[in-house]
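The values are calculated or read from the model by the stated rules, or taken from the named source; none is laboratory data. For clarity, every value in this text was computed on a predicted model and none was experimentally measured. Cβ atoms come from the backbone with ideal geometry, glycine included; neighbour counts cover every protein chain shown.
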Number of protein chains: 2
Amino acid sequence: MTPLYDRVALIGLGLIASSMCHAMRRAGLARQIVGYARSSKTRDIAREIGLCDHISESAADAAKDADLVVLCVPVGAMESVAQEIGPVLKPGATVSDVGSVKRTVIDAVGPHVPEGVHFIPAHPLAGTEHSGPRSGFAELFDNRYTIIVPVEESDPQAVDRLIAFWGGLGALTETMDADHHDLVLAVTSHTPHLIAYTMVGVADDLRRVTDSEVIKYSAAGFRDFTRIAASDPVMWRDVFLNNKEATLEILGRFTEELFALQRAIRQGDGDHLHDYFTRTRSIRRGIIEAGQDTDAPDFGRVKVRTE
Amino acid sequence: MTPLYDRVALIGLGLIASSMCHAMRRAGLARQIVGYARSSKTRDIAREIGLCDHISESAADAAKDADLVVLCVPVGAMESVAQEIGPVLKPGATVSDVGSVKRTVIDAVGPHVPEGVHFIPAHPLAGTEHSGPRSGFAELFDNRYTIIVPVEESDPQAVDRLIAFWGGLGALTETMDADHHDLVLAVTSHTPHLIAYTMVGVADDLRRVTDSEVIKYSAAGFRDFTRIAASDPVMWRDVFLNNKEATLEILGRFTEELFALQRAIRQGDGDHLHDYFTRTRSIRRGIIEAGQDTDAPDFGRVKVRTE
């Protein structure tokens, strides 16, 4: 493939950025990849494993002369990075990000993007519970959705190029406005993560059931919660602080439903429980048909390669 | 291996029983396997696929002359089966079950087990979201725990033999009393399932986010919930009706924790969120170290063989 961007700068070198490096190289999407991470340890690891073509010592250094700059830092760190790189951005360049929340990122980053630079937020819906520059792999985005969230001023041609870029990384793409994105993600990602964290926290807290029992007998269901509750704490703190309203709305709905089921258990209302459990099966079928999971049993056991 | 039991009867031919058939044959644990299921369709399928050596037309027929009878029906159906087979059980035989709740099963089945027959409840902590006689596979119990719950009168030799039997099926075994079992399972299995069902139900109910959006973007976390929320509705209805107290206790703790996190989100208390999310990571590490899951990323994608 002809490189879509001559020089791509990644600010932040965690799971998403390192996976982007591998996937960009797989498809030949950039002539040069430049990276920067705040921690010198992360920069050293990135140099050691040859993650990028060049690792810069500052975000501004990485961003200047880049044709595409992607902010791959936690949502709460976006504004200060944008402030630092804003002045050096090349006219005609595109600034994008991979944050899990879009409205507050737009509000935080937008004002620092100078006239003549295209600002096009995006969010790849892909991840694992691992983090850091070693955790990336080229296949992370394959057949997963990346949501492109153009702002009002986004240039259509620049948007098309970014869509082609994510397609080249292996992703399916959709465009959506920021508020709808934040609500959809509150349902499909943010609330499920909070609930998983809560359940794991409860298990960890109990005195009458020991940690070793929780661990030994986790295959009975609990295990599936621990994977998503092992995700990066800083990233998730920022998600909840920045998608407060939508998450609280969905949590309210969740609690309401949970109380109704709890009452059915207390009252011994088997029909209510059975009907509810039957209805939720169909969603699962839809997910498998859409290729977003397999129906393989007990998938937690299979070892797949991580690099 | 020399058969541990001459004739094994399985009452109910769903995921657990059909997996037991495959695993018994793999290890040569029984000279003859007899099966029975209430539905004639299930019996026909079992005959067609040669699941057992013989399929009986009644539970009593299957159980008489058996050296080990395992009740593999939903918890709510245990009592009527026990009532039917009680009179025909052979002196010296062992009656066991695979129910997810133990106290109510002991209360329901115990009185129907005649003098001279060993009653030893058990619970294999293994499963997939699939059900029925075709869903079984020999590896289901490998490296998973089966909890043996002897009652006061259980004969130690008969218990040892049942432990050896489950070991032969591939399982690790532990013994535990019924009340502790029910509490441990409320934490590691029953409450997580109820929460997963609730989350999937909420997503299905929303008007502002469509089903197709929930399905398309499920890889962001929601997907992990749908798998366990696709489990057999009858089995799970019976679990909640029969482990009411422990489940309600853990649900109470869960709601308390969830409200604390919800308040932290509302108040923007990032430290509280970050601390909580950091603490839950260690449990995940314990599970991986104990071999009850792998740390493979994004394991939902891998297709494993089911037969």
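Structure notes:
- Scan of region A:233-288 for residues that are of a type in the set (D, E, K, R) and buried (at least 16 other Cβ atoms within 10 Å of the Cβ), ordered by number: A:Arg237, A:Asp238, A:Lys244, A:Glu249, A:Arg253, A:Glu257, A:Asp269, A:Arg279, A:Arg281, A:Arg284
- Which listed residue, of A:Glu245, A:Glu213, is out of contact with any helix residue (DSSP H, G or I) (no Cβ under 6 Å at 6 or more places or on another chain) and outside the structural domain of A:His130 (by TED's automatic domain parsing): A:Glu245
- Counting only helices (runs of 4 or more DSSP H) that fall entirely inside region A:57-161 and contain at least 1 residues that are within 21 Å of A:Asp177 (Cα to Cα), in the same structural domain as A:Leu172 (by TED's automatic domain parsing) and among the aliphatic types (A, V, I, L, M), the qualifying elements are A:78-85, A:103-109.
- Helices (runs of 4 or more DSSP H) within region A:179-278 that include 3 or more residues in contact (Cβ under 8 Å) with a residue 60 or more places away in the chain and within 7 Å of chain B (Cβ to nearest Cβ): A:222-228, A:233-242, A:244-267
- A:His118 vs. criteria in contact with a Lys or Arg (Cβ under 7 Å, 6 or more places away or on another chain) and touching a residue at least 24 places away in the same chain (Cβ under 8 Å): no
- Those residues of region B:279-296 which are at the interface with chain A (Cβ under 7 Å from one of its Cβ atoms) and at pLDDT 75 or above, in sequence order: B:Arg279, B:Thr280, B:Arg281, B:Ile283, B:Arg284, B:Gly286, B:Ile287, B:Ala290
- Residues satisfying the stated conditions in region A:102-120, i.e. touching a helix residue (DSSP H, G or I) at 6+ places or on another chain (Cβ under 6 Å) and closer than 23 Å to A:His190 by Cβ: A:Lys102, A:Arg103, A:Thr104, A:Val105, A:Ile106, A:Ala108, A:Val109, A:Ile120
- B:Tyr36 meets all of the listed conditions (1) surrounded by fewer than 22 Cβ atoms within 10 Å (Cβ to Cβ); (2) without any contact (Cβ under 8 Å) to a residue 40 or more places away in the chain but one, namely (1).
- Out of B:Leu10, B:Leu29, B:Leu15, B:Leu71, one residue alone is among the aliphatic types (A, V, I, L, M), surrounded by fewer than 24 Cβ atoms within 10 Å (Cβ to Cβ), closer than 26 Å to B:Arg144 by Cβ and touching a residue at least 24 places away in the same chain (Cβ under 8 Å). It is B:Leu29.
- Region B:1-13: number of residues that are out of contact with any Gly (no Cβ under 6 Å at 6 or more places or on another chain) and within 22 Å of B:Val75 (Cβ to Cβ): 4
- Test: residue in region A:26-42 that is touching a helix residue (DSSP H, G or I) at 6+ places or on another chain (Cβ under 8 Å), more than 22 Å from A:Pro233 (Cβ to Cβ) and of a type in the set (S, T, N, Q): no
- A:Ser154, sole failed condition from (1) surrounded by fewer than 24 Cβ atoms within 10 Å (Cβ to Cβ); (2) under 16 Å from B:Thr191 (Cβ atoms): (2)
- Residues in region A:226-238 that are under 23 Å from A:Leu183 (Cβ atoms) and in contact with a helix residue (DSSP H, G or I) (Cβ under 6 Å, 6 or more places away or on another chain): A:Ile228, A:Ala229, A:Trp236, A:Arg237, A:Asp238.
- So B:Ala186, is it more than 29 Å from B:Leu51 (Cα to Cα), buried (at least 18 other Cβ atoms within 10 Å of the Cβ), in the same structural domain as B:Ile228 (by TED's automatic domain parsing) and within 15 Å of the chain's Cα centre (by Cα): yes
- The set of residues in region A:195-239 being of a type in the set (Gly, Ala, Ser) and over 23 Å from A:Leu258 (Cβ atoms) consists of A:Ser212, A:Ala219, A:Ala230.
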